[in-house]
Amino acid sequence: MSLLDALRVPAGPVDLLAYDTDATPGFEGDKSDGERALADLGEHLMDLQTRLFAGRETDTPHRVLMVLQGMDTSGKGGVLKHTVGLVDPVGVKITSFKAPTEEELAHDFLWRIAKAVPGPGYLGVFDRSHYEDVLIGRVRALAPAEEIERRYGAINGFEADLVAGGTVVLKCMLHISPAEQRRRLQARLDDSTKYWKYNPGDLDERALWADYRSAYEIALERTTTDAAPWHVVPSDRKWYRNLAVAQLLVETLEELDLHWPPPAFDLEAERARLAADGIS
């Protein structure tokens with residue numbers, strides 16, 4: 001079974017307590033094995049992503065949008081560094097969504113999201129995303145209940161339109177346990193090189209852990225679709241998280257059956273010009 005299938009959220013009610021955050025589906029090795037496997041996967045991932053970017057000006061370009069969501073410390077930044085960092089940054093567009101500005105609040109919640117969708121040939125990565133508007137938006141009651149309800153359908157419609165327009169949407173929820181989050185927060189408090197990563201507000205959000213789990217369960221149930229399914233990535237083990245997301249990305253790109261584009265010029269004429277230019 002592919003990891004896309006193994007980690008895919010099935011239709012129906014979602015119980016995140018049933019998902020083992022320390023598991024390593026599809027992989028039987030330990031940390032050192034996993035780190036080697038990720039390094040070995042890097043060359044293939046780079047090749048696939050380069051093919052994606054090389055085909056951006058063809059008649060049928062592809063584009064891929066990877067959405068990363070998860071509780072604080074779940075490892076979105078780690079995935080960007082260790083997994084997305086394996087590919088050519090020239091063909092990558094990373095967008096980290098923070099609290100909306102006044103201008104953004106004056107528009108529908110998807111307005112700023114649509115502006116960040118990757119162009120042809122690009123791998124786009126959302127570090128947090130439009131799902132914040134049904135996660136923290138729900139937990140913190142940042143919008144009326146009826147508006148939160150409307151947003152699930154709006155998200156499904158938005159993503160369906162993206163897919164119909166040639167964008168592949170890969171959605172990953174990085175799933176950690178509260179105990180693991182405690183360890184990671186403690187590590188930031190104990191290491192002066194990690195103080196910059198610590199945000200006192202993370203403890204305020206941690207106090208609402210059960211509410212966030214419920215919000216995630218609702219979001220996963222309501223927005224995992226055939227066009228854009230969710231994948232729950234066990235993330236207590238950082239090395240497995242990085243490897244799993246890399247494998248999900250490889251499988252996603254492989255399904256596109258990417259080929260190198262033909263030359264957009266007279267190949268033989270250019271070979272003759274180069275052979276005759278007299279410069280040595």
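Remarks
- Hits in the range 234-266 - residues which are at pLDDT 95 or above and of a type in the set (G, A, S): S235, A244, A246
- Sole residue being closer than 22 Å to S214 by Cα, among the small types (G, A, S), modelled with pLDDT under 95 and out of contact with any Leu (no Cβ under 6 Å at 6 or more places or on another chain), chosen from A99, A141: A99
- Take the conditions (1) buried (at least 23 other Cβ atoms within 10 Å of the Cβ); (2) out of contact with any Pro (no Cβ under 7 Å at 6 or more places or on another chain); T252 misses just one of them, which is (1).
- In the range 167-279, counting only helices (runs of 4 or more DSSP H) that sit wholly within it, the ones holding 3 or more residues that are in contact with a Lys or Arg (Cβ under 7 Å, 6 or more places away or on another chain) span 178-190.
Table: residues versus (1) over 18 Å from L256 (Cα atoms); (2) at pLDDT 95 or above; (3) small (G, A, S).
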position: A164; (1), (2), (3): no, yes, yes
position: V168; (1), (2), (3): no, yes, no
position: K171; (1), (2), (3): no, yes, no
position: I176; (1), (2), (3): yes, yes, no
position: R182; (1), (2), (3): yes, yes, no
position: L185; (1), (2), (3): yes, yes, no
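- Reported count of residues in the range 177-208, each being surrounded by 14 or more Cβ atoms within 10 Å (Cβ to Cβ), in contact with a helix residue (DSSP H, G or I) (Cβ under 8 Å, 6 or more places away or on another chain) and within 30 Å of R151 (Cα to Cα), is 5.
- Selection of helices (runs of 4 or more DSSP H) fully inside the range 99-140 by the criterion of at least 2 residues being of a type outside the set (F, W, Y), touching a residue at least 12 places away in the same chain (Cβ under 8 Å) and crowded, with 16+ Cβ neighbours inside 10 Å returns 111-115, 132-139.
- Close Cβ contacts (under 6 Å, 6 or more residues apart or on different chains) running from residues in the range 79-96 that are farther than 15 Å from A54 by Cβ to residues that are part of a helix (DSSP H, G or I) comprise V79/V245; H82/N242; T83/N242; T83/V245; T83/A246; L86/G42; L86/L45.
- In the range 218-230, the residues that are in contact with a strand residue (DSSP E or B) (Cβ under 6 Å, 6 or more places away or on another chain), open to solvent by 10 Å² or more (accessible area, probe 1.4 Å) and more than 14 Å from A154 (Cα to Cα): P229
- Filtered residue count, the range 18-45, keeping only those that are open to solvent by 50 Å² or more (accessible area, probe 1.4 Å), in contact (Cβ under 8 Å) with a residue 12 or more places away in the chain and assigned to a helix (DSSP H, G or I): 3
- For beta carbons closer than 8 Å, sequence separation of 6+ or different chains, a first residue in the range 226-255 that is under 16 Å from M173 (Cα atoms) and a second that is aromatic (F, W, Y) and open to solvent by less than 10 Å² (accessible area, probe 1.4 Å), the qualifying pairs are P234/Y240.
The values are calculated or read from the model by the stated rules, or taken from the named source; none is laboratory data. Model, not experiment: these values are computed from the prediction. Cβ: placed from backbone, ideal geometry, glycine included. Neighbour counts: every protein chain shown. Surface accessibility is based on the protein's heavy atoms, side chains included, excluding ligands, DNA and RNA. Shrake-Rupley method; radii C 1.70, N 1.55, O 1.52, S 1.80 Å.
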